[in-house]
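**Q** The structure under discussion is supplied below as structure tokens; questions concerning it will follow.
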């Protein structure tokens, strides 16, 4: 579970999101996402979104990770996240889910979804 959490958090980092090799290492080529906004993305569209991002004035906080074994090589990772501005303002509370598959060489994210949720206390 630790490697999945580390990789999930890595994908929150601007520097990782700007490195196409790192993103390709972490995302499966058949990746799909339903974003917090309800918009859908595939591997190529999310790569374009990440490449067009500008540095931000804050960071993603994540907590309450839970990993559920679906198959020996398939894991469901659940957690909560929120956006924390550089001024400490917290917003964009979400529940997140990711499906990770072991390709024989590495774990890669195959699916991700974000759903708005009620505010929660950051720990």
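**Q** Please compute the contact order of the stretch 1-102 in relative form: average sequence separation of alpha-carbon pairs under 8 Å and at least six residues apart, divided by the residue count, as a percent. Intermediate results must be reported in sequence, preceding the final value.
**A** Numbers: 133 pairs, mean separation 20.3, N = 102.
Here the relative contact order equals 20 percent.
**Q** Of 106, 24, 92, which has the largest mean-square fluctuation in a 10 Å C-alpha GNM of the chain?
**A** Among 106, 24, 92, the largest mean-square fluctuation in the Gaussian network model of the chain belongs to 106.
**Q** Also: Would you mind calculating the gained length between residue 56 and residue 103 on full extension (0.36 nm times residue separation, minus the Cα-Cα distance), in nm to one decimal? It would help to have the intermediate numbers written out before the result.
**A** On the way: separation 47, 0.36 × 47 = 16.92 nm, distance 3.23 nm.
In short, 13.7 nm is gained.
**Q** Turning to a different aspect of this structure: Assign one of three labels to the chain, namely rounded, prolate or oblate, based on the Cα gyration tensor with a ≥ b ≥ c the square roots of its eigenvalues; rounded applies when a/c is under 1.5, prolate when it is not and a/b is larger than b/c, and oblate otherwise. Don't skip to the end; give the middle numbers.
**A** Values: a/c = 1.70, a/b = 1.23, b/c = 1.38.
Note, shape of the chain comes out oblate.
**Q** Among 11, 69, 87, which one shows the highest mean-square fluctuation when the chain is modelled as a Gaussian network with alpha-carbon springs under 10 Å?
**A** Highest fluctuation among the options: 87.
**Q** Take residue 68 and residue 12, extend 7 Å from each Cα along the Cα→Cβ direction, and tell me the distance between the two endpoints in nm.
**A** For the pair residue 68/residue 12, the computed spacing is 2.1 nm.
**Q** Same structure, new question: Tell me what the chain gives for mean residue ellipticity at 222 nm when only DSSP H runs of n ≥ 4 count, each as -39,500 (n - 2.57), the sum divided by the residue total, rounded to 500 deg cm²/dmol. Walk me through the intermediate numbers first.
**A** Working: 4 runs with 30 residues, N = 123.
Value at 222 nm, helices only, nearest 500: -6500 deg cm²/dmol.
**Q** Same structure, new question: If the elastic network links every pair of Cα atoms under 10 Å, which of 60, 68, 16 fluctuates the most in the Gaussian network model of the chain?
**A** For the chain, modelled as a Gaussian network with Cα springs under 10 Å, the answer is 68.
**Q** To continue, here is another question. Nearest-5 percent of antiparallel DSSP beta bridges in the stretch 2-116? Each step should come with its number before you reach the end.
**A** Numbers: 33 of 37 bridges.
Among the beta bridges of the stretch 2-116, antiparallel pairing accounts for roughly 90 percent.
**Q** Using Cβ contacts closer than 10 Å as the measure, can you line up 91, 97 from fewest to most?
**A** Numbers: 91 10, 97 16.
Fewest to most other Cβ atoms nearby, the residues stand as 91, 97.
Values in this text are rule-based calculations from the coordinates and carry no lab data. Every value quoted in this text rests on a predicted model; they were computed, and no experiment measured them. FYI the Cβ positions are ideal-geometry reconstructions off the backbone, even for glycines, and counts take in every protein chain you see.
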